[in-house]
Structure formats: C-alpha cells, structure tokens
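Chemist: Sharing a structure with you now.
The values are calculated or read from the model by the stated rules, or taken from the named source; none is laboratory data. A quick note: this is a predicted structure, and the numbers were derived from the prediction, not measured. Positions of Cβ are generated from backbone atoms using ideal geometry, with glycine treated the same way; all protein chains shown enter the neighbour counts.
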Amino acid sequence: MSETEIPQADAATADEAPIVHPKATPIESRFLYVDVSALRAKQLRRGARVRLDAETLDMLPASKLIKPERVAMEEVKQNLVQWNLPDFKVVIDLR
C-alpha cells in the first residue's frame, strides 16, 4: 500500500465524522444574503455536504428541505457559510 492510499476502515469512519465549521460573521444586507445563498445553493446542487446538523434538519418541515436553495438559505441564516467581499478599487476620472 502506498502512502497516499487510505485503508478502507479509516475511509469509512472519515466520511461519518461530523465536520465542524466555524461561525461566519452575520450578514446585514439582504442583497448580500441573496448572493451568498445563491452561491451556496450552487455548491449544494453540485454535491456539497449540507452543513446543518441533524437536530436542525429534524426541526425543519420536509417541504423546506426539498430544494437546495432553501437549505442554503437556512445555512446562511445560521452563519454556517463563510463569505468575504472583494477589495474595491476607487476609480477617479480626471478628464
């Protein structure tokens, strides 16, 4: 077995272990909330794992968990999605 291969027993336990995500800063702008939620929904549609814990998933109605957009909105609402804004450059026109 090479150094890069993971034994089968370790691989199975690694998938089951919960991943701890640090809390993000709260989003105060509803426009930023929509943008971050949309990007997270795209990640979920492409196969990313849901960051909500099992207790939260049980509390939500099943109708809200059907679409990845609703799951993404709940994750952003609970500050589970890290986000940052790009640095803006000030452009001054001196004509």
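Chemist: Output yes when any residue across the stretch 44-65 is at pLDDT 90 or above, on the phi < 0 side of the Ramachandran plot and hydroxyl-bearing (S, T, Y), and no when none is.
Modeler: Here is the first cut: in the stretch 44-65, the residues at pLDDT 90 or above are 44-48.
Remaining after also requiring on the phi < 0 side of the Ramachandran plot: 44-46, 48.
In the following step, the residues that additionally are hydroxyl-bearing (S, T, Y) were identified as none.
No - not one qualifying residue is present in the stretch 44-65.
Chemist: Here is a further query. Mind checking which residues of the stretch 25-48 are surrounded by 12 or more Cβ atoms within 10 Å (Cβ to Cβ) and farther than 17 Å from P68 by Cβ?
Modeler: I27, L32
Chemist: Can you name every residue in the stretch 49-67 that is closer than 17 Å to N79 by Cα and surrounded by 13 or more Cβ atoms within 10 Å (Cβ to Cβ)?
Modeler: Restricting attention to the stretch 49-67, the residues satisfying the condition of being closer than 17 Å to N79 by Cα are 49-57, 60.
Correct list: V50, R51, L52, T56, L57, L60.
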